[in-house]
Amino acid sequence: MVAATSRNVAVVGSAQTQLKAAWSDRQHVDLISEAVARALLGTGLRIEDVDFVIDSGSDFLDGRSISNCGFLGAMGAHHKEESRVEEDGLWSALYGATKIASGSASVGLIVAYSKSSESDPNDYWTSLAEPFTQRPVGLDQNAVAGLFAQRYLTRFGVPASALRAVTHRAWAAADGNTFVDATLEMLQDEYWSQEIASPLRRSDMARPVDGAVAVLLASKDVARQIGGSPVWVTGMGSAIDQHFIAARDGATLPAAAAAASAAYRMAGASGASDFDIVEVSAGSTAGELMVLEALGMAEPGKAIDLYADGASPGLNPSGGALPADVVMASGLVRLHEVAAQLGGRSDHAPQGARRGLAHASGGLGMQNHCVITLETS
Amino acid sequence: MTNNATSTRETMGSMTSRLSMPYTLTAGKAMGTFLAELGAQRIIGSRCAACATVRVPAQDFCGDCGAETGELVAVPSTGELTGWTVTERGILAFVLLDGTDVPLLHRIVDTDVSSLVLGARVSARWAAEPAGNVMDITGFAIDAESTVGALAPTNELLAPIEQLAYRMELTYEHSYGHFYGSLFDSVKNDRRIRGIRCPSCRNVLLPPRGFCDVCFVPTKDWIDIPDTGTVQACSVVHIEFVGQRMTPPYVYAEIVLDGTATRLIHSVGGLSAEEARSGIVKPGSRVKAVWSDRATGSLADIEYFQVIDGSA
C-alpha cells in the first residue's frame, strides 16, 4: 500500500498569485487563470496534457452555488474531468495524487482560491457551525480560537505574551516573501492590542487574504520526461476531529497528529525531524503551536521554543498562514511553497533542504487536518 | 494581462449582492428533545453506555465512540466554568454542568469579566418567554452559592421540536475586474458593447475575459460589437416569477451578436401577447437591442431585443 504512491507522483510545477488583503480589481477567474498559466510554465506541459482538474473553493465565499462551474475556463478544465473539493486545496492534492498513483491518469492540475474580501469571512466560518446550539450563541472562528487558546495556555503554563514571537516571526518571513503583501510595518500598535477573542488579539489571528494557487502533479514517467529534479510525493494523511467544539480537547490536535502519523508511516519517516522544511496552516498563533506539537516537532506546550531567534530555519519559510490566510487555499499554498523551495524555484528556501512537509487545516476551529510530505532526489 | 483598453474609463468596480436563504432545519430526536425541554427550564443530556459519558446537549450518537446513546438524562442547570473568551459578540464559555463529562458551549451573562475564573460555579439564566431554541437559556452567570446538582432520570419528556425556521443572510461585494468593468463602463456611458478576441481560435467573446475558456490562452484585442444579432434558440415564457422584469408572455432567447462566438441570454420584446405566442421569434430571427433609459452599467440597460428584417 505504501509503495503504491511513494515516489510514483511528483509535483512538477506550481504557482500562486500574490496574496493580499483585497484583489478588488480582479475577479476569481483572473486570479485562477494567472496561477494556472504560471504553474504550467517551464514544465513543457500544455493545458492539453492535463488529464483532470480538481479544485477547492467555497460556494459560501464565492457567493454562488456550485461556483466551480463558472470558473472552468479559467482553470483550463474545458471538456476535462473536473471535480470540486469543498475543503482546503491540500485535500484536492491528496485526491489528485491518489488518482495518478492508481494509474488512471498521468497529469493532474490542482487549483485552490478564494476572495474572502468580497464578503465577511466570519459569516463563512459561522456557516460551518452546527445551527441548533453552536451558531445561535455567537460562535465564530475567532471565538473557537480564543476558547482553545485559553485551554492551551492554561494547561501548559504558557503566557499569552509569548505568542508575540509567533506573530513576529511569521510576519518577518512574509515580509521577505514577494508573493505575500504583508510587511512588518503593517503590525502597528493597534494590531498588537486590539482584543478579538481573549486571550487572542488581532495580531494572533490569521489574516484573511485573496489569492489563488495551482499545483501540477504528474506520474513518475511524465516527471522523468520533464527532467530537472522532480519533487516526489512520499506520504499523505488526513484526519478529522468531532464537530462539537466543546467535546474536543482544545489544547491538543489529535486529528493533526493522526494525519501526520499516517503521512510519516507512508513516507517511511521516523517523525517531524526528518523534514528540512515544514509549512503549516493555522488559524491563530496558539493554533500554530498546537499544530507543530501534533506534528511531533515539540513536546506538548513546548512549541514556543521553536520560535527562539535563529531556531528552526525550516519552519514556515514563507511566513505560513498567519500573515496571509487564503481560506480554502492556504494548505495548497503550503504545498506549492514546499515544492518550490525543494525544487530550487524559491528565493526563501533553507540551504540544502531535501525533504519537506505541507500541512492544511480546515473546518471550524481547525477540525480537519491534512499532511503531505515531499522529497527531492 | 495583454489588452488595449487603457483608455477606458473604469468607473464600474463592483456590484453588491445579497443572498437570503430560508431553511427548515430538522433537529432530530435528541436535539429536538433538548430544545423542547429548554422551554420547561430543563436541560436534557444523553448518556453513552459504551464509553460511560454524559454529554449535553443530548445527542443521538456519541461523538467519541459513535455508539447510539439511548438514555436521556435530566442535567442540573448548575456547573463550573471550564473556559471562556471575550469577543465583540459577547462572552462565550465552556460550562461543565454537574454530572456531565463534556462541557456545554454557551454565553456568560450578568457577570463582570473580571470576576471570571476557571472552576467558578455558574448557573443558568432563563429567558422570560421561551422561544423553543437554545437561547431559552440566555446564558450562565457566576453563582458561588450554587450547590452541586445531580443527574436525574427523565420522566415524561416533551415531544421533540421537529423543525426550526432558519434564514441565512449573506452580503457580497463582487469585483467586476478589468474585463467586466470595461464592458459595463462602456455600456453605461457610451451604449457600446465590447468583446475580446482570442488570438488562438479568433473567436470574439462576450462578456470579455482574460483567458479564452476553450483554448486557455490570454485574450488580446478588444472588439466593438454591434447591438444586432441572430436568435439561436428561444422559448416563450408564460409563467410569472419573482424578479421578472417583463410581463408574460415574452420571449427568452439565446442571441449571437454579430461577430461574436458567444451566446447572450436576453429577451425579445416589443411583441403583443399574440405575437409572442405566434412563433414570430424563431431560430434565425434577426434582432436589435432596444436600449432603456436606465444607465446602470449592466446588460439590463438593454430593455429587450426586437425583431428586425432580414431573418434567415
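Read-outs throughout are calculated quantities, based only on the coordinates presented, and are distinct from any laboratory measurement. Owing to the predicted nature of the structure, the values given are computational and were not obtained by experimental measurement. Cβ: placed from backbone, ideal geometry, glycine included. Neighbour counts: every protein chain shown.
Structure notes:
- Distant-in-sequence amide H partners of A:V9 (H built 1.01 Å from N, under 5 Å): A:V233
- For the residues B:R47, B:R191, B:R89, a GNM of chain B with alpha-carbon springs under 10 Å puts the largest fluctuation on B:R89.
- Binning the alpha carbon pair distances of region B:28-161 at 10 angstrom intervals from zero yields the distribution 13, 43, 35, 9, 0, expressed in whole percent.
- Computed [θ] at 222 nm, helices only, for the protein assembly as shown once each DSSP H run of length n ≥ 4 contributes -39500 (n - 2.57): -6500 deg cm²/dmol
- When A:I277, B:I91, B:I43 are sorted by how many other C-beta atoms sit within 10 angstrom of their C-beta, beginning with the fewest, the order is B:I91, B:I43, A:I277.
- Global geometry of region B:226-312, whether rounded, prolate or oblate, following the gyration tensor of its Cα atoms and the 1.5 cut on a/c: oblate
- Shape of region A:142-281, Cα gyration tensor, a/c cut at 1.5: oblate
- Partner lysines whose Cα lies under 20 Å from the Cα of B:K188, excluding those fewer than 8 positions away in the same chain, are identified as B:K288.
- With contacts taken as Cα pairs under 8 Å and at least 6 residues apart, region B:226-312 reaches a relative contact order of 30 percent.
- Within region A:15-81, the trypsin sites (Lys or Arg not before Pro) that combine a DSSP coil assignment with at most 14 other C-beta atoms in a 10 angstrom radius are A:R46.
- Between 0 and 90°, nearest 10: helix B:29-38 axis offset from chain B longest Cα axis: 70
- Look at the stretch B:79-87: the mean tally of other chain Cβ atoms within 10 Å of its residues' Cβ atoms is 6.
- When only alpha carbons are used to place a centre, region B:56-111 and region A:335-377 end up 37 Å from one another.
- Rounded if a/c under 1.5, otherwise prolate or oblate - the protein assembly as shown, Cα gyration tensor axes: oblate
- Most fluctuating residue given options A:S58, A:S24, A:S229, as computed from a GNM of chain A linking Cα atoms under 10 Å: A:S24
- Within region B:195-231, trypsin sites (Lys or Arg not before Pro) in DSSP loop having at most 16 other beta-carbon neighbours inside 10 Å: B:R202, B:K220
- Averaging the sequence gap over all C-alpha pairs within less than 8 Å and six or more residues apart, then dividing by the number of residues, gives region B:28-161 a relative contact order of 28 percent.
- Diffusion coefficient, µm² s⁻¹, Stokes-Einstein with Kirkwood Rh over alpha-carbon pairs of region A:1-90 at 4 °C and 1.567 mPa s: 88
- Net charge of neighbours whose Cβ lies under 10 Å from the Cβ of B:S14, counting Lys and Arg as +1 and Asp and Glu as -1: -3
- Reducing region A:114-144 and region B:132-186 to their Cα centroids gives an inter-centroid distance of 10 Å.
- The lysine pair count for chain A, using Cα distances under 23 Å and pairs eight or more places apart or on different chains, is 4.
- In order along region A:113-127, phi translates into HN-Hα couplings of 6, 6, 10, 5, 5, 7, 8, 8, x, 5, 5, 5, 4, 5, 5 Hz, rounded to whole numbers, per the Karplus curve 6.51 cos²θ - 1.76 cosθ + 1.60 with θ = phi - 60° and x for Gly and Pro.
- Tail fraction, Cα-Cα pairs, chain B, threshold 23 Å, whole percent: 70
- With neighbours defined as other Cβ atoms within 10 Å of a residue's Cβ, the residues A:L292, A:L72 order from fewest to most as A:L72, A:L292.
- Just so you know, the averaged projected area of the alpha carbon convex hull for chain A sits at 17.0 nm².
- Net charge over other residues, Cβ less than 15 angstrom from the Cβ of A:A77 (K, R count +1; D, E count -1): -2
- Cβ-based exposure ranking for B:H266, B:H174, A:H168, in which fewest neighbours within 10 Å come first: A:H168, B:H174, B:H266
- Partners for B:K29 among aspartates and glutamates (Cα-Cα distance below 14 Å; same-chain residues under 8 apart left out): B:E37, B:D60, B:E68, B:E71, B:E162
- Net charge of neighbours whose Cβ lies under 11 Å from the Cβ of A:N68, counting Lys and Arg as +1 and Asp and Glu as -1: -3
- Placing unit charges on the Cβ atoms of the charged side chains and taking the dipole of region B:28-161 about its Cα centre, the candidate lying farthest along the positive direction among B:T87, B:N155, B:L104 is B:T87.
- For B:T138, the residues whose modelled amide H falls within less than 5 Å of its own, excluding neighbours fewer than 5 places apart on the same chain, are B:R125, B:W126, B:A127.
- Per-residue HN-Hα couplings for region A:55-71 [Karplus 6.51, -1.76, 1.60; θ = phi - 60°; Hz; x = Gly/Pro]: 10, 10, x, 10, 4, 5, 5, 7, x, 7, 8, 6, 5, 4, 4, x, 10
- In order through region B:106-114: 3J(HN,Hα) via Karplus (6.51 cos²θ - 1.76 cosθ + 1.60), integer Hz, x for Gly, Pro: 7, 9, 9, 10, 6, 9, 6, 3, 5
- Residues whose amide H falls under 5 Å from that of A:I196, counting only those 5 or more places apart or on a different chain, are A:R201, A:R202, with hydrogens built in the peptide plane.
- Taking the Cα centre of region A:1-147 as origin and assigning +1 to Lys and Arg Cβ atoms and -1 to Asp and Glu Cβ atoms, the resulting dipole is close to 400 debye.
- Approximate spin-label separation B:N189-A:H243, in nm, with each point projected 7 Å along Cα-to-Cβ: 5.0
- The GluC sites (Glu not before Pro) of region B:227-306 that DSSP puts in a loop, and whose beta carbon has at most 16 other beta carbons within 10 Å, are B:E240.
- Between B:Q59, B:Q163, B:Q244, the Gaussian network model of chain B with springs among Cα atoms under 10 angstrom shows the greatest mean-square fluctuation at B:Q244.
- Here r is the Cβ-Cβ distance between B:V109 and B:A52 and R0 is 30 Å; the resulting FRET efficiency, rounded to 0.05, is 0.40.
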